[in-house]
Ligand code: G1P
């Protein structure tokens, strides 16, 4: 049965946000380009899509996002300069981002929310299931969440969202899912969704994290979705419509993620992500860990 389902090949990455939490760094630089150690945050996300087999990547951008396109394009001048210097390893790093995936871009124009950003992908995606990856969530490549979601979508059809159990006091920061267990331990059936609920009214502590594998029926639902929380067209609200009416586009399942996730949309978490990833790097880690240990014991 799964054989007849189309193979998912397209990833959509909304990247039109203003990044106000990181001003003034993001005044003239897209927040997606802020480095996590020595790579822009967005490159980790594109690499994750490629590792899950999705090499056709559509970015939803907006004004002031040209550096994103430049980063995933060739830079012949720089390549030539590095070639002349004989710096093969840096040359490879520069070429890596332009060879990663087939990149496409569309501008959102009016920023009317995540649901609206996803709807901008409709002409490119067509009538196939596709993935959405939010750039503020980095998933450690050793914990391949998206591949698991693609497998679950092939098994059940419909849509699959990523869920993580959070401290109930924090649920108001996320989309929240009401769920029922399935026979598979890390998979739940989603029976309802609500965007950023009041913690007292939240149906669970299952938070939606920024990975989705969506049935294309979501586009028709999004066209009919009224602005919701914050006056924005919410992807969560469209998914709620799919969960409530499986006849529209199949069921909604959740993969419960227990791996490593870094939130680079928040300044404190962004710093923690850099420290953790730097500590684990083979080239930088040993020196950095030694420095960090002495910094913590002697200066804090
Ligand atoms: C978005 C979604 C929310 C989800 C979150 C995950 O919210 O609307 O449902 O839980 O991403 O990071 P945002 O953080 O963009 O406000």
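The values are calculated or read from the model by the stated rules, or taken from the named source; none is laboratory data. These numbers come from a predicted model, not from an experiment. Don't worry about glycine lacking a Cβ; one is built from the backbone with ideal geometry, like all the others, and counts go over all protein chains shown.
In the range 233-258, how many residues are modelled with pLDDT under 95 and touching a helix residue (DSSP H, G or I) at 6+ places or on another chain (Cβ under 8 Å)?
Number satisfying all stated conditions: 3.
Filter the range 205-228 down to the residues that are in contact with a strand residue (DSSP E or B) (Cβ under 7 Å, 6 or more places away or on another chain) and within 13 Å of the ligand (Cβ to nearest atom) and list them by number.
205, 206, 207, 208, 209, 210, 211, 212, 228 - these are the residues of the range 205-228 that are in contact with a strand residue (DSSP E or B) (Cβ under 7 Å, 6 or more places away or on another chain) and within 13 Å of the ligand (Cβ to nearest atom).
Of the residues 123, 129, only one is free of Cβ contacts under 8 Å to residues at least 60 places away in the same chain and more than 16 Å from the ligand (Cβ to nearest atom); which?
Matching residue, one of 123, 129: 123.
Just checking, how many residues over the range 133-171 are more than 22 Å from residue 247 (Cα to Cα) and either without any contact (Cβ under 8 Å) to a residue 24 or more places away in the chain or near the ligand (Cβ under 10 Å from one of its atoms) (or both)?
Of the residues in that region, 8 qualify.
Within the range 258-300, work out how many residues are within 16 Å of the ligand (Cβ to nearest atom) and not in a helix (DSSP H, G or I).
Matching residues across the range 258-300 total 8.
Under the condition of being surrounded by 17 or more Cβ atoms within 10 Å (Cβ to Cβ) and assigned to a helix (DSSP H, G or I), which residue from the range 51-93 is farthest from the chain's Cα centre (by Cα)?
82
Listed here are the residues, each with its yes/no results for (1) surrounded by fewer than 19 Cβ atoms within 10 Å (Cβ to Cβ); (2) in contact with a strand residue (DSSP E or B) (Cβ under 8 Å, 6 or more places away or on another chain).
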{"site": "99", "(1), (2)": "yes, no"}
{"site": "151", "(1), (2)": "yes, no"}
{"site": "164", "(1), (2)": "no, yes"}
{"site": "170", "(1), (2)": "yes, yes"}
{"site": "173", "(1), (2)": "yes, yes"}
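Going residue by residue through the range 202-217, is there one that turns out to be farther than 20 Å from residue 149 by Cβ and free of Cβ contacts under 8 Å to residues at least 40 places away in the same chain?
For the range 202-217, residues farther than 20 Å from residue 149 by Cβ and free of Cβ contacts under 8 Å to residues at least 40 places away in the same chain: present.
Does residue 178 satisfy the condition of being crowded, with 17+ Cβ neighbours inside 10 Å, within 18 Å of residue 234 (Cβ to Cβ) and more than 21 Å from the chain's Cα centre (by Cα)?
Yes, satisfied.
Would you say residue 183 is within 14 Å of the ligand (Cβ to nearest atom), loosely packed, with under 15 Cβ neighbours inside 10 Å and at pLDDT 95 or above?
Answer is no for this residue.
Condition first: in a strand (DSSP E or B) and within 16 Å of the ligand (Cβ to nearest atom). Now tell me which residues in the range 189-203 satisfy that.
Correct list: 190, 192, 193, 194, 195.
Look through the range 229-250, keep the residues that are within 14 Å of the ligand (Cβ to nearest atom) and part of a loop (DSSP other than H, G, I, E, B), and return whichever of them is surrounded by the fewest Cβ atoms within 10 Å (Cβ to Cβ).
Selected residue: 232.
Of all residues in the range 26-50, which are in a loop (DSSP other than H, G, I, E, B) and touching a helix residue (DSSP H, G or I) at 6+ places or on another chain (Cβ under 8 Å)?
26, 29, 30, 34, 37 - these are the residues of the range 26-50 that are in a loop (DSSP other than H, G, I, E, B) and touching a helix residue (DSSP H, G or I) at 6+ places or on another chain (Cβ under 8 Å).
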